Each structure stands twice: as C-alpha cells, then as structure tokens.
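First the structure, in the form of structure tokens, and then the observations on it.
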Amino acid sequence: MDFTSIPIIRCITHSATRCGVRALWHNVPMNILLLVAALLIILAGAEAFTNALEHLGDRLGISEGVTGSIFAAVGTALPETMVPVVAVFAATSGQPAHLGEEVGVGAILGAPMMLSTLTLFMMALFVSPQRGWRGALNPEPTGLRRDLGWFLIAFGLSTVALFVPHHITLARIGIGLILVTLYFLYVMVTLRASAALVAEGHGTEAGHALYLSKTGLPTKMQVILIQLAIGLGMIVFGASLFVDGIEGLSHWLGISALILSLLVVPIATELPEKINSILWVRRGKDTLAFGNITGALVFQGSLLPAIGVMLTPWSPSPPVLLGAGLTLLAGGYTYLLVRRGVTLRPYHFLFNGLCYGAYFFALT
C-alpha cells in the first residue's frame, strides 16, 4: 500500500496550500451526518419491521424459530445480499472485473463473519446491563442447534470450494448447486418443526399493538404486510445511505476495495440484524433474537457463497482464508455451547467479539 496516497499523510508531506486542508475535511462532516441519519432511519425501520413481524407470526400461528430464522433473517438480509450481487454483475458491465470481484467476495464472506462474531457480541453487550454478564439467555435450543449445524455444513463446503481451481467449471457449478439445495432443505426442516414448537409454547406472540393500528387502521393481514413493507423499505434505504457514508470515509482514508468489503460494508449492511436482535433480546424474546442472527447465517453461508463459487474466482487469499477460518471458529464455538446444553450467558460471547477484533487488527 502506498501510504503517501492516504490524505492525512499527504497533508504532512505537502504544504497546506497545495494539499487543500479545507477541501480534505469538507466532506467528512457531511459523511458523518449521513451515517447518523442512516442509522436513525434503520432504527425506525427495524422497530416497525419487528413489530409487524411479531403480528405476522402470531396471525399465521408459527413458531418463534420460523419467524426469526426465516422471515426476519431473510428480510433483513436483503441489503447485504444486494451488495455482492450488484458488485459481481457490475463487473461484467463496464466496471473493472477485479474491482467487482473483490467487493463481491469480500461482502459474501464478510457477512457471515460479522454475524458469527461482532453481531453476537453486540447483542450480548446490549443485554448485559439488563441481565448482567452472567445472566441467562434462553433461546429455544433445538432451533438454535439446527441453524448453527446447517450453517457450519454449508459454510464449511464454501470454504473448501476456495481451493477448487476456477477452471474446473463443473465442480464449481456442482458445489454452488449443492449450497442452494442445502438452504432449501434447511427451510423445509425448519417449517416442519414449527407445529411441534408452537404446541410446546414457542409460538410467536406480539408484545405490542401494531403501530399502524394506532392510526385507526384495523390489525388485519393487509395492514400487517403494509407495515412490514414500510419497515423493510426503511431498512434497505437506510442501509444504502450508510454504505454511501462509509464509502466516503473509506475513500478519504485510502482503504482498498477488498478491505472495505470485508470490514466496512458488512458493518453497515448487518445493522438490521444487529438492531432487530438487540430489540428482541432486551424484550425477553431470546428465540427471535438468536434466530434472526443464526437464520441469516444459514442464508448468507449458503446462497451467497453459491454466487461467489460460480461467478467469481473465489480464491484462497490470506484475508479471505483468515476471515473464513475465524467465522468457522466462532460458529463452531457457539454450536458446541448449544450442543453441550450450556446455559448461554452474555460473557460467553466475549470470545466471538475477540475473534472479530483479531480479524480487524490483522487486516488493518
């Protein structure tokens, strides 16, 4: 990396007049304001989305596991799903291929990395003042074990695919199709388990009145879907603004496209999962909170890598291998806790936070 290309270094090595200090700092406050505005939009959208989703699950009579692991996880995964898809396909329509591939691969691997490490840690961090670091977290265990198990299988296969040469096209396509099939099998298994979980008392229950009903509208399915769409639209729009603000700051700092997509883009696009899970866990809805994260892990550890395997070089560069290894380590650690029947407590997820911290410092 050419350190003289970083603006603040350039300021030191050039005169203030030639460097243009005022121009250098001109866009920084605007980017910060954009980030704050985007975060407020995401917060409002997440609140509307989770409220509507609880009413939808209640109305359909499905378990909290299905509501969190499938509905919430897929819905809030849309922003980060679009980043690699747009990046990969943009590389074939005018942009430099290597740039689109770097952003695509980084975003695909960065999303499960962020969920398995930083997102779980943040959820624990925000609930610790309420329950204490040794307070119990009580998600429904069978769904959590199922989600983490399917994720480790799918993401493990995606990691193995890094070592399959790009020119072996049939093998790449085969792995991609297996990953897609794994996700749909997971959905079928999760839906099949719903009825038994509802009978055991794990049905989705709405904790508050539907927000749109406070305007005089009835709490009907159409109104629930309208609020769901409004909340999701705000989340997607806010995440898009957040990415724009982060990109502005990253260009100012001179960060490469791969590092940006591995570290920065997932932080912005994973905000919906983080905020939804924080809202739910602070309301005592632990199954929804964990399912929102682990369900997104399965989605982003199978369908998104399928795109990477089939449409990008998907090669084992050091940052990619480190990220994949730490993701499997954090996911495997969490799975073992659940598998052994350990009562989950906020302090358990300090390890997940350390995994992310190690990755961040290794790349920066």
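The values are calculated or read from the model by the stated rules, or taken from the named source; none is laboratory data. Predicted model only: the values in this text are computed from it and were never measured. Neighbour counts are summed over all protein chains in view; Cβ atoms, including those assigned to glycine, are modelled from backbone coordinates with ideal geometry.
The table below lists the values:
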item	result
Wholly enclosed helices (runs of 4 or more DSSP H) of the range 255-364 bearing at least 1 residues at pLDDT 90 or above and not hydroxyl-bearing (S, T, Y)	271-282, 286-311, 318-339, 350-363
For H166: the one exception among (1) in contact with a Phe, Trp or Tyr (Cβ under 9 Å, 6 or more places away or on another chain); (2) within 25 Å of L185 (Cα to Cα); (3) modelled with pLDDT under 90	(2)
Residue within the range 114-125 that is touching a residue at least 12 places away in the same chain (Cβ under 8 Å), in contact with a Pro (Cβ under 6 Å, 6 or more places away or on another chain), part of a helix (DSSP H, G or I) and not charged (D, E, K, R) present	yes
Total residues in the range 344-363, condition out of contact with any strand residue (DSSP E or B) (no Cβ under 8 Å at 6 or more places or on another chain) and closer than 19 Å to D147 by Cβ	5
Of all residues in the range 128-185 being over 22 Å from the mean Cα position of the chain (by Cα) and among the basic types (K, R), the one that is farthest from V320 (Cα to Cα)	R131
Subset tally (residues that are on the phi > 0 side of the Ramachandran plot and polar (S, T, N, Q)) for the range 292-333	0
Residue selected from the range 220-235 under the condition within 16 Å of L60 (Cβ to Cβ) and not β-branched (V, I, T), by the criterion farthest from the chain's Cα centre (by Cα)	K220
Complete set of residues in the range 336-349 that are aliphatic (A, V, I, L, M) and buried (at least 16 other Cβ atoms within 10 Å of the Cβ)	L337, V338, L344
Qualifying positions in the range 132-144 - at pLDDT below 95 and not in a loop (DSSP other than H, G, I, E, B)	P141, T142, G143, L144
The lone exception for L337 - which of (1) closer than 25 Å to T190 by Cβ; (2) in contact (Cβ under 8 Å) with a residue 12 or more places away in the chain it fails	(2)
Search result, residues across the range 166-193 that are in a loop (DSSP other than H, G, I, E, B) and in contact (Cβ under 8 Å) with a residue 12 or more places away in the chain	H166
